[in-house]
1. Given the condition of a type outside the set (Lys, Arg), over 29 Å from VAL60 (Cβ atoms) and touching a Lys or Arg at 6+ places or on another chain (Cβ under 9 Å), answer yes or no: does some residue in segment 154-169 qualify?
2. Of all residues in segment 149-174, count the ones that are part of a loop (DSSP other than H, G, I, E, B) and of a type outside the set (Gly, Ala, Ser).
3. Are there strands (runs of 3 or more DSSP E) fully within segment 195-277 with at least 3 residues that are under 20 Å from GLY84 (Cα atoms) and acidic (Asp, Glu)? List them.
4. Within segment 23-38, is there a residue that is modelled with pLDDT of 75 or more and either hydrophobic (A, V, I, L, M, F, W, C) or within 20 Å of the chain's Cα centre (by Cα) (or both)?
5. Pairs please, first residue from segment 231-242 and in the same structural domain as VAL82 (by TED's automatic domain parsing), second anywhere and polar (S, T, N, Q) and buried (at least 22 other Cβ atoms within 10 Å of the Cβ), Cβ atoms under 8 Å, 6+ apart in sequence or on different chains.
6. Give me the pairs, please: first residue somewhere in segment 126-148 and outside any helix (DSSP H, G or I), second residue anywhere and aromatic (Phe, Trp, Tyr), beta-carbon distance under 9 Å, and either six or more positions apart or on two chains.
7. How do the pairs read when you match residues in segment 163-192 that are assigned by TED's automatic domain parsing to the domain that holds GLU228 and more than 24 Å from ASP43 (Cα to Cα) with residues anywhere that are crowded, with 21+ Cβ neighbours inside 10 Å and at pLDDT below 95, using Cβ under 6 Å and keeping only pairs 6 or more apart or on different chains?
8. Tell me yes or no: at least one residue of segment 71-87 is among the small types (Gly, Ala, Ser), buried (at least 16 other Cβ atoms within 10 Å of the Cβ) and part of a helix (DSSP H, G or I).
Amino acid sequence: MSGTERLSEAARALPDAQPGRAAPAQPPVFEHPDPKTIAVLLDVDGTLIELAATPQAVHVPPSLKHTLAVLRDLLGGALALVSGRPLADLDDIFDPLRVALVGGHGAEMRLKPRGEVERTRVPPMDDRLRRRLVAIAADTEGVLAEDKGYSLALHYRLAPQAERYVHDEILRACAAFPDVPAEVLPGKSMFEVKPPAFNKGMAVRELMRKEPFAGRRPIFLGDDVTDESVFVVLPEFDGIGYSVGRRFPNTKGVFATPREVRHWLYGFIKPRERVGT
């Protein structure tokens, strides 16, 4: 299936977080699993924290950083953020917290909080395609280009009326370079273009085979199309997936908002330490 076909198929299925579309929360089947037997894997934007007008404008509450730090220690390090953001960006917005990371939709990985970064052998995005995509944002008021190295996202949250135009221009850009493998993923007020050679699910499969994650049961929370590849691989490790905002296939329950996710995570550490929410 070509990138164009993938985009069209996914766009038809994606409700794009319209007002009133949030799903009612369905609490997890267990509240306090044994921290010695599980690994907790978390998407970031739209799952742990609320979306913002721009990727740089997101806010990570200090209480969340503290909760994650305590949870990381309870899990023996088996806590990872699994995001489309680059690793450097994740470290920046969660500073001073350090945890295991999967960044760039699986293009980058760090197994330990302060370990070495492992990179895939996937080269950076083709410069011709990159320039063409950046030009779409430069020529369209309110559309922002987020260059992640291995991929590039075009955000139209500040210009919702430009959605169809951005969609069509991305298709034209990809069609102009048929020799460049490209996968186009629709998200919440954004479209992202990346090579199809990697995704979050592939990265999680690799992560769960290495210490300190190996032998544990993964619990993954995600909210978007890019998280579906993780939900699919979870059964390989007897894992459980929960979505945020709306139900996805292969999940056991739904959290209505990132705030509810933060309170659920707080439940892991509440018996041991009190923190603000």
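1. Checked segment 154-169: at least one residue is of a type outside the set (Lys, Arg), over 29 Å from VAL60 (Cβ atoms) and touching a Lys or Arg at 6+ places or on another chain (Cβ under 9 Å).
2. Total meeting the criteria: 4.
3. Because the criterion is at least 3 residues that are under 20 Å from GLY84 (Cα atoms) and acidic (Asp, Glu), no strands (runs of 3 or more DSSP E) in segment 195-277 meet it.
4. Residues of segment 23-38 modelled with pLDDT of 75 or more: 33-38.
Still in the running and either hydrophobic (A, V, I, L, M, F, W, C) or within 20 Å of the chain's Cα centre (by Cα) (or both): 38.
Checked segment 23-38: at least one residue is modelled with pLDDT of 75 or more and either hydrophobic (A, V, I, L, M, F, W, C) or within 20 Å of the chain's Cα centre (by Cα) (or both).
5. Close Cβ pairs (under 8 Å, with a partner that is polar (S, T, N, Q) and buried (at least 22 other Cβ atoms within 10 Å of the Cβ)) amount to PHE231/SER243.
6. Sorted first by the residue in segment 126-148, then by its partner, the pairs are ASP126/PHE177; THR140/TYR156; THR140/TYR165; GLY142/TYR156; VAL143/TYR156; VAL143/TYR165; LEU144/TYR156.
7. As it stands, the answer is none, since no pair meets every condition given.
8. no
The values are calculated or read from the model by the stated rules, or taken from the named source; none is laboratory data. Here the structure is a predicted model, which means the values were calculated and not measured. Please note: Cβ atoms are built from the backbone with ideal geometry, for glycine as well, and neighbour counts cover all protein chains shown.
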